[in-house]
Amino acid sequence: MYKYQGFWDRISNTYANSPIKDQQAFDDMVQNIRQHVKESDFVFDFGCGTGTYSIAIADKVKSIHAIDISEKMLAIAGKRANNRGIGNINFEHLGIFDTKLQPESYTVVLAFSILHLQQDLNKVLHRISELLMPGGLLITKTVCGGEKLSLATFFMTPFSKLGLLPHLNCFSFAELQASISENQLKILETKANPKDSMEYFIVAQK
């Protein structure tokens, strides 16, 4: 069992049944992703959860390898894809450092709401760069908790340090950009969420 797998398994149904807070913002995000992918792309969805983004772009790409550490999240994702008749997504219970994942296997890596949960951001970004083919894209939406102190961050951080909640990495937007650039990834585009000053959309190319 992966660290924190139990936590994500426990909240999987609640997470899956939670309504999208801002449908327009979500639709805009999906449109942004779709503008950067093409029919020949082999996509890797890191921390796919219940498969929301993979399912939303499946018709636009060749195939998607979607991984998560929560088996229950993956079960929900698989059921959702099947219900929609989507057959080009492979949902798999894996961590990003699993040796089954071979270098330069993907043309696009999606990393949505996952990088701020990584204890070693630089190590994870190095791995993402390793998995990308030359010219491949990293597309991420990431919470940069170091931009300001929010109530959620204030209350979650102590529990995270005690191991009661998943690790919370509160880096700034500048620190995230620097770490991306240090790992052979050139930033092509950045967008701040106008309704959330800590959330950023980034596209970077290997």
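Key figures
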item	result
Single unsatisfied condition, residue 144 versus (1) surrounded by fewer than 21 Cβ atoms within 10 Å (Cβ to Cβ); (2) within 25 Å of residue 18 (Cβ to Cβ)	(1)
So residue 47, is it at pLDDT 95 or above, surrounded by 15 or more Cβ atoms within 10 Å (Cβ to Cβ) and at positive phi	yes
When residues of the stretch 51-67 are limited to those that are charged (D, E, K, R) and not in a loop (DSSP other than H, G, I, E, B), the one farthest from residue 139 (Cα to Cα)	59
Qualifying positions in the stretch 16-31 - assigned to a helix (DSSP H, G or I) and surrounded by fewer than 10 Cβ atoms within 10 Å (Cβ to Cβ)	17, 23, 24
Residue in the stretch 105-114 that is assigned to a helix (DSSP H, G or I), aliphatic (A, V, I, L, M) and either touching a His at 6+ places or on another chain (Cβ under 9 Å) or under 25 Å from residue 15 (Cα atoms) (or both) present	no
Residues within the stretch 16-58 that are touching a residue at least 24 places away in the same chain (Cβ under 8 Å) and among the acidic types (Asp, Glu), tallied	3
Considering residues of the stretch 163-182 that are under 16 Å from residue 141 (Cα atoms) and assigned to a loop (DSSP other than H, G, I, E, B) only, the residue modelled with the lowest pLDDT	168
Hits in the stretch 32-44 (condition: loosely packed, with under 15 Cβ neighbours inside 10 Å and assigned to a helix (DSSP H, G or I))	34, 35
Long-range neighbours under 6 Å by Cβ, at least six apart or interchain, first residue in contact (Cβ under 8 Å) with a residue 24 or more places away in the chain and closer than 19 Å to residue 30 by Cβ within the stretch 115-144, second part of a helix (DSSP H, G or I) and of a type in the set (Val, Ile, Thr)	138/128; 139/33
Residue 13 being part of a helix (DSSP H, G or I), surrounded by fewer than 14 Cβ atoms within 10 Å (Cβ to Cβ), in contact (Cβ under 8 Å) with a residue 60 or more places away in the chain and over 17 Å from the mean Cα position of the chain (by Cα)	yes
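The values are calculated or read from the model by the stated rules, or taken from the named source; none is laboratory data. All figures in this text were calculated on a predicted structure; none of them were measured in a lab. Methodologically, a virtual Cβ is constructed for each residue, glycine included, from the backbone with ideal geometry; neighbour enumeration extends over all protein chains shown.
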